1. List the distances, in nm and shortest first, from the label point of A:ARG77 to the matching label points in every other copy, placing each point 7 Å from Cα along the Cα-to-Cβ direction.
2. I need the phi-derived Karplus couplings for segment A:75-87: 6.51 cos²θ - 1.76 cosθ + 1.60, θ = phi - 60°, integer Hz, Gly and Pro marked x.
3. So what is the relative contact order for chain B, in percent, with contacts set as C-alpha pairs under 8 Å and at least six apart?
4. Hey, could you grab the Kirkwood Rh for chain A? Inverse mean 1/r over distinct alpha carbon pairs, Å, one decimal.
5. Order of A:GLU91, A:GLU185, A:GLU202 from fewest to most other C-beta atoms within 10 Å?
6. Given labels modelled 7 Å from the Cα in the Cβ direction, how far is it in nm from B:SER168 to B:VAL190?
7. Excluding residues on the same chain fewer than 8 positions from B:LYS156, give the lysines whose Cα lies under 24 Å from its Cα.
8. Please report, to two decimal places, log10 I(q)/I(0) for segment A:11-137 at q = 0.09, 0.10, 0.19 Å⁻¹ as given by the Debye formula with identical point scatterers on the Cα atoms and no solvent.
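Taken together, the values in this text are just the output of simple stated rules run on the coordinates, not laboratory data. This one's a predicted model, so the numbers in the text were calculated from it and none came from an experiment. Here Cβ is always computed from backbone atoms with ideal geometry, including for glycine, and neighbour counts include all displayed protein chains.
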2 protein chains.
Amino acid sequence: MAKLTYRFRDPALAQLALTHRSAGKPNNERLEFLGDALLGVIVAEMLYDAHPNASEGELSRLRAQLVNGQALAVVARELELGDDLKLGSGELKSGGFRRDSILADAFEAMVAAVYQDSDFDACRNWVRELFDERIAAIPRSSKDAKTRLQEWLQAKGWPLPQYELKDSHGEDHAKTFDVTCAIEEPQALVAEGRGGSRRAAEQDAAESVLRQLQESRS
Amino acid sequence: MAKLTYRFRDPALAQLALTHRSAGKPNNERLEFLGDALLGVIVAEMLYDAHPNASEGELSRLRAQLVNGQALAVVARELELGDDLKLGSGELKSGGFRRDSILADAFEAMVAAVYQDSDFDACRNWVRELFDERIAAIPRSSKDAKTRLQEWLQAKGWPLPQYELKDSHGEDHAKTFDVTCAIEEPQALVAEGRGGSRRAAEQDAAESVLRQLQESRS
């Protein structure tokens, strides 16, 4: 546990976080449920603060990059959690301490163990230290919404989106533009966008079309 | 905002939480992303504490009952969030202030607004007040894992599970039992279970089979 960077008041909690269900009960499954949720909110807030202009969809996508099983297994390995895992004999023989899913689950459980051993702020600080550089390292999608929409339609061989200025209002130095973005395929769709420039309004409308396409696919 | 039971230092945050994307930008979508995660962890912890013997799968199922769009819309209506929603003209005409998804999103955004206006503890207290009775009101699945597995297989017309005692060890007053639970349909599966009695070990094994079936379906 040399690499944990958090010192437990109650070491039994850390032990529990490292006990895989193959070792019997009690094990880390319940802690993992709580830790998954804790990690979700802490990383959500970090991204929220780091990317003040990112849309909800973009924040979700970034978070999924950071907290999937493979990414969490990397963190678990840095913390050397595998060395202290408690596994049943079957998992032990088959090298369960090296398996991504087992390591990721143990890391999530450890987040909950830190929370239960202290409080939300201490847990958040611990997670922030682990994720600060990771969050700085993932670039936001460098392509804007108009570009992404256009490239996607082109790849499918479908007609390009039509943007139309519908309205502009407000005084000259603080104008607001309303535009629409319309596509024909895979379905006829028109979305509205608004912004402080025509270009910003078009981006907004394109983002809305992308979101509707995503929703209708899911 | 009479029913909010939380008094904002910064009322602009509450306004933002109530601004639907149809009203333009800024709107509540980013706050909703954060609020969804906050609600997830707060309700997760409440269930964790309320059901010390519930499995991870059971906790997930209970949480999904409490925080789905329909359930959150009920909370939003109790808080009368619909009265203060800011909607675009299209949504306004079509009665968007009554729509479940818009109300649920506004509630999630409000959770994040409370958090940003104060801190995690205050936000948690606010959410706990809203969910205390709801959590007390949902019963845990009263059926145990063996019963659920058996009923499910029977409903499909498939063979019943076979339980087998593999091992028991430890002294008489603190014995541990290892059993297996095997099914043939929808796929051949064998899971191990462990417990302080043969029955408890069988429940554990049945739970494990149910979990594997769930994982292979998703």
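1. Listed shortest first, these distances are 5.1 nm.
2. The phi angles translate into 4, 4, 5, 4, 7, 6, 5, x, 5, 10, 5, 9, 10 Hz.
3. On the way: 311 pairs, mean separation 39.7, N = 218.
For chain B, the relative contact order is 18 percent.
4. So the Kirkwood estimate lands at 20.2 Å.
5. A:GLU185, A:GLU91, A:GLU202
6. About 2.1 nm separates the two model spin labels.
7. B:LYS143, B:LYS146
8. Scattering profile of segment A:11-137, log10 relative to I(0): -0.25, -0.31, -0.99.
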